[in-house]
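Single-structure report; data block below.
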Amino acid sequence: MKLYLWPITLATTMLGCSESMFAMGKDASDTGYFASESEDMSGMMDGGAPNEDDGYEPEVEDDLLGLRPATTPRYVFVANPDRNTVTRISVPGLAVITTEVGQNPIHVAVTDDHSTAVTFNLDSDDLSIIDAETLEVQTVNVRAGRNSMVMSPDGKWVLCYFDQDAEETSTNTGGAQSFNDISLVNIETLEHFPMVVGPNPHGVHFSSNSAVAVVVSDSYLSRIDLGVDEPEPEHIQITDDLVDPPLAEEVVVSPDGATAIVRQFAATELVHVDLNALERSSLAVGDNPTDLDITPDGLELVAIARGSKELWVYEMENPFANQTVLDLPEEAVFGSVLLSPDNARGLLYSTASGESLYASWNRSTGSVTLRDLVKPVKSVGISPTGETALVAHGQGNGADVGSDSPYYNRPAVSLIDLETFFGSAVALPAEPTQFAHTPDGELGFFIMENQPYLEVLNFKTLINDEIKLKSNPVHLGTLLDTQTAYISQEHNLGRISFFHPEEFDLQTITGFELNSNIEQ
């Protein structure tokens, strides 16, 4: 039996996410295509003609290194799908209490004020609303057959939908089933609002102020105003081809919920959606755009065009007129950009090229400098302070890693000081499965598949240490206002360990529901 641990999340900016990067480059405001309502937009709303094949697979948006925010210092909630229970562990006393929820709880989220935990129970098609203090449980039924849940930033709303790409599938599959109906639930009032969105929904986005929800499908964006008494979806068609629509690979929503930008597969333009007027228009971009981000301050949009080797930056207030384009080095392939939280730099890389390279982008000067790595890139993250980059490398070698390399046929991670760009790499016995960091951003942690270890990364010294666990880890997180990491592990009655870096001490609780004692 495996146990599943999810942290209590805080409504803080996700550390290691994109930031504001306005490049010093040529002005593109007079070269883009800016379609008005009166212009003929046939062929443009689908992104124009398909891209010419540039010889590379699509870039992979891997959130492996999207370092997790810390949990509340008081409680950790552990969902036990095989026992249909949720366990609350008090910190620092490590007192353990378990309560029953619905069948097969696969997702857990906690409200911004930490007062309520919510589990999505896959096989009973319901939500368990749990009072964090008393553990009193209230149940809200949702549409049958849903397999994914997303909570709004303010913790007031939960949206459940069916994601074809999700690994989990409900056992209740008999009879008729719709795949494009969703359940919107108000956590405070327990009201359930069922509704229908476009075919093949594969993403849910909330504005940062939780005023608007946007459900993404291949043909439509469905906008839901969360400020009204009876929320209803409003549908915006994002493609003219409703028979074989291009895949909406990426959608970003402005913090105020007024604008969405869609990046479609094989497109040569972006789709700009005014979520208030429910109108769409075409936004110029280079060939084969492969990455898209809105900066955390909500003021700019950044797109990387792999085919034309360009980086496009738009002002969100008027993206049609205020654009800047930065030419990228011709000798390398770049399909993704990660922007540091301090607004000082960006990292450019590709998960598709097989090149053991990345580039640093100086925001103030616009300069781009090529740099080498020990292996091709699988994923990139930046520490919360913006001082250190963390690069994950897969087992594959690429064309430039020979059999004499100590990293040949082995996964690895690299730590890079972003002030000096001095780096250190560590070869691994298996692929990392989860990363986390301390709230102060000084330490990082990761676990690996089928390896009974906790790896500890010092973002300042670039040194890693290894802690032996009592069994293989399943989930990893950290506790707010401490340096403590917690690791859920495989055990037939449940096992969780707490690692305290200050004392270099590991404490383990085994047998949640038996209230076992702490093992030193």
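The values are calculated or read from the model by the stated rules, or taken from the named source; none is laboratory data. Just so it is clear, the model here is predicted, and its values are computed rather than measured. Neighbour counts are summed over all protein chains in view; Cβ atoms, including those assigned to glycine, are modelled from backbone coordinates with ideal geometry. With ligands, DNA and RNA removed, areas are computed over all heavy atoms of the protein, side chains included. Shrake-Rupley method; radii C 1.70, N 1.55, O 1.52, S 1.80 Å.
Rolling a 1.4 Å probe across the protein heavy atoms gives segment 392-520 an accessible surface of 43 Å² per residue. Over 31 Å apart at the Cα level, from the set LYS375/LYS468; LYS156/LYS378; LYS309/LYS460, are LYS156/LYS378; LYS309/LYS460. Using the Cβ-Cβ distance between GLU466 and GLU330 with R0 set to 35 Å, the FRET efficiency works out to roughly 0.25.
Full extension of the chain between SER403 and ASP225 gives 58.4 nm of extra length, using 0.36 nm per residue less the Cα-Cα distance. Ellipsoid semi-axes for segment 273-355, based on the Cα gyration tensor and the rule √(5λ), read 24, 15, 11 Å when sorted largest first.
For segment 222-275, averaging the sequence separation of C-alpha pairs within contact (under 8 Å, six or more residues apart) and dividing by the residue count gives a relative contact order of 24 percent. Ignoring aspartates and glutamates fewer than eight residues from LYS470 along the same chain, the ones with Cα atoms less than 19 angstrom from its Cα are GLU449, GLU455, GLU490, GLU503, ASP505, GLU513, GLU519. With all protein chains kept in place, the per residue accessible area of segment 76-186 amounts to 38 square angstrom at a probe of 1.4 angstrom. Computed in the context of the full set of protein chains, the accessible area of segment 189-301 at 1.4 Å probe radius has 47% of its extent on carbon or sulfur. The label-point distance for ASP241 and SER178, in a model that sets each label 7 Å from Cα toward Cβ, rounds to 2.8 nm. Using the 1.4 Å probe convention, the accessible area of segment 267-384 works out to 31 Å² per residue with neighbouring protein chains retained. Relative to the globular-protein estimate of 2.2 N^0.38 Å, the Cα radius of gyration of segment 257-397 stands at 1.07.
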